[in-house]
Amino acid sequence: MRIIGLIGGISWVSTADYYKLINEGINKELGGLNFSECLIYSFNYADIKKNNDANDWDATFNLLLKGCLFLKQGGAEAIVLCANTMHLIADRLEKAIDLPIIHIATETALAIQKKEVKKVGLMGTKFTMELDFFKDKLAEKGIETIIPKNDADRDFMHATIFEELGRGLVTEATKKRYLEIADQLIKEGAEGIILGCTEIPLVIKPEDVAVPVFDTTLIHSMAAVQFQLS
């Protein structure tokens, strides 16, 4: 089994999901008492958010670089960044550490291709929705991406991801608003919905939405399993 390194704590809630899903995936393939051989470097989320709010991605890069090098020194053969937004600096990190980073957007694009979906709605932090790092990976596969047009909807998701979901808090009111946003994207032509933040699966389940749902946490975790067993 190949060893992977998880960059976590962004947030701890989704990192726990990654750990669970990856271990379940390995066990499903190998059975018995076989589970994932992995390392985790977990950050203090407040440090990451402070940098990102200040648009200081160099500071975030330096933090993640330290974590990635720690994991590499421990024997990791690939890195999994357990958050969509952090993939803004994934390509830069990959060059700096000289290890593969299993890219969440690339793996999501492959999953969308398998469903033969051509146009998707992307939900996530404002960084993920408004910047191009995620959408560009989809465009490379011929997939069109739309995001909520309403600034208030994007602001609402961004705020609740950090203040509620990232702390493991889920309310019916927040779930209702997320589903309304997803429904609006579908009305605008989305043939699938990307849960483009690793905490959004806390409030949106596949059965809640009338089109295919692409859970990036699950997709990314299964890609990590495939790497470990390759």
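The values are calculated or read from the model by the stated rules, or taken from the named source; none is laboratory data. Everything numeric here is computed off the predicted structure, so don't read it as measured data. All Cβ positions, glycine included, derive from the backbone under ideal geometry; neighbour counts span all protein chains shown. Only protein heavy atoms, including side chains, enter the accessible area calculation; ligands, DNA and RNA are left aside. Shrake-Rupley method; radii C 1.70, N 1.55, O 1.52, S 1.80 Å.
What to note about this one:
- The listed residues R167, R177, R92, R154, once ranked by accessible area (1.4 Å probe) with the largest placed first, stand as R167, R92, R177, R154.
- Sum of side-chain charges, D47 neighbourhood, beta-carbon under 13 Å (Lys, Arg +1; Asp, Glu -1): +1
- Residues whose amide H comes within less than 5 Å of that of M123, counting only those at least five positions distant or on another chain, are I194, G196 (H built at 1.01 Å from N in the peptide plane).
- Helical content of the chain, expressed as a calculated mean residue ellipticity at 222 nm, amounts to -16000 deg cm²/dmol (DSSP H runs of 4 or more residues, -39,500 (n - 2.57) each, divided by residue number, nearest 500).
- To put it simply, the accessible area of the chain at a 1.4 Å probe is 51 percent carbon and sulfur.
- Remark: relative contact order (region 105-215) = 33 percent; criterion is Cα-Cα distance under 8 angstrom and separation of 6 or more residues.
- Comparing E164, E144, E172 in a Gaussian network model of the chain (Cα springs below 10 Å), the most mobile by mean-square fluctuation is E172.
- For region 106-149, applying the loop criterion from DSSP together with a ceiling of 13 other beta carbons within 10 Å to the trypsin sites (Lys or Arg not before Pro) yields K115, K149.
- Computed with a 1.4 Å probe over protein heavy atoms only, the accessible surface of the chain comes to 46 Å² per residue.
- Residue-count net charge about E116 - beta-carbon cut-off 12 Å; Lys, Arg +1, Asp, Glu -1: +4
- Where a label projected 7 Å from the Cα of N55 along Cα→Cβ would reach, residues of region 120-138 with amide N under 19 Å: 125-134
- Placing unit charges on the Cβ atoms of the charged side chains and taking the dipole of the chain about its Cα centre, the candidate lying farthest along the positive direction among I104, A78, A152 is A78.
- Each label was represented as a point 7 Å from its Cα along the Cα-to-Cβ direction; for I186 and E77 these points are 4.2 nm apart.
- Largest-first ellipsoid semi-axes for region 105-215, taking √(5λ) over the Cα gyration tensor eigenvalues, angstrom: 21, 14, 13
- A compact globular protein would have a Cα radius of gyration near 2.2 N^0.38 Å; the ratio found for the chain is 0.97.
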